[in-house]
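Report on the structure given below.
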Amino acid sequence: MIKIMDSRCYGFFFALFSLTVVALAYDPDTLQDLCVADRTSGIKVNGFTCKPESNITASDFFFAGIGKPAVVNNTVGSAVTGANVEKIAGLNTLGVSLARIDYAPGGLNPPHTHPRATEVIFVLEGELDVGFITTANKLFAKTVKKGEVFVFPRGLIHYQKNNDKAKPASVISAFNSQLPGTQSIAATLFTATPAIPDHVLTTAFQIGTKEIEKIKSKFAPKKV
């Protein structure tokens, strides 16, 4: 009888744990109508503390920053304009956000991940080669055109490349997180602070220290 009860209890707690993990897999659900982010608060929580309701205005739910193309002036040829809780305080606790990505002719949004969200892109203009890599190292790649949609699963490395060397391109990205986070693979590895030891990078990439230093120099801030 004791063994049967132990087995049932184990099954119950395992099921409860599984449901808890699933519930915590995305941004937590809101428990009230509004929790507009108070970004000036010094209190640290998972997200942002709420403004007093008396201080909330319609402007807390508005952002005009993705209505026109961004200026692309970097070496990779792309610019990301976020429309997340850092720009729209009213997104706090709602679990969604947007971004606009603009690509110069031939521009690349380098391989990167979003640790807290799945991404869906909608092509506004142009044609892009896009893809993501699974944990089994399988590449899923496709060419997407104006009006088409592509999905990048949460946490997987992915990229977008404007394959037109004469015309710019742009997309709108949607995320199931108010702040999905971004880790660009190359920049993360070669510009970390403190720096990742060279011997770690030389072993990982099977190249010499001189090559590592050369790569790091490419990411160093430009001297004015």
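The values are calculated or read from the model by the stated rules, or taken from the named source; none is laboratory data. Since the structure is predicted, the reported quantities are computational estimates derived from the model, not experimental observations. Positions of Cβ are backbone-derived with ideal geometry, glycine not excepted, and every protein chain shown enters the neighbour counts. Quick note on the areas: whole protein, heavy atoms, side chains included, nothing else; ligands and nucleic acids left out. Shrake-Rupley method; radii C 1.70, N 1.55, O 1.52, S 1.80 Å.
Okay, here's what the table says:
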item	result
Number of the condition not met by ILE185 [criteria: (1) aliphatic (A, V, I, L, M); (2) farther than 20 Å from PHE219 by Cα; (3) open to solvent by 20 Å² or more (accessible area, probe 1.4 Å)]	(2)
Some residue of region 134-142 being surrounded by fewer than 12 Cβ atoms within 10 Å (Cβ to Cβ), in contact (Cβ under 8 Å) with a residue 12 or more places away in the chain and of a type in the set (S, T, N, Q)	yes
Any hit, region 86-94, residues being of a type outside the set (A, V, I, L, M), modelled with pLDDT under 95, outside any strand (DSSP E or B) and at positive phi	yes
Test result for ALA79, open to solvent by less than 60 Å² (accessible area, probe 1.4 Å), modelled with pLDDT of 95 or more and in contact with an Asp or Glu (Cβ under 7 Å, 6 or more places away or on another chain)	yes
Residues (among the β-branched types (Val, Ile, Thr) and under 16 Å from PHE175 (Cβ atoms)) located in region 67-91	VAL80, THR81, VAL85, ILE88
Residue check, SER217 surrounded by 18 or more Cβ atoms within 10 Å (Cβ to Cβ) and either more than 22 Å from the chain's Cα centre (by Cα) or not in a helix (DSSP H, G or I) (or both)	no
Unmet requirement for PRO105, which otherwise passes all of (1) assigned to a loop (DSSP other than H, G, I, E, B); (2) within 30 Å of THR57 (Cα to Cα)	(2)
Matching option when the condition is under 23 Å from ALA99 (Cα atoms), open to solvent by 80 Å² or more (accessible area, probe 1.4 Å), of a type outside the set (D, E, K, R) and free of Cβ contacts under 8 Å to residues at least 24 places away in the same chain, among ASN73, ASN55	ASN73
Residue list for region 170-206, filter: over 30 Å from GLY67 (Cα atoms), of a type outside the set (Asp, Glu) and outside any loop (DSSP other than H, G, I, E, B)	LEU189, PHE190, HIS199, VAL200, LEU201, THR202, THR203, ALA204, PHE205
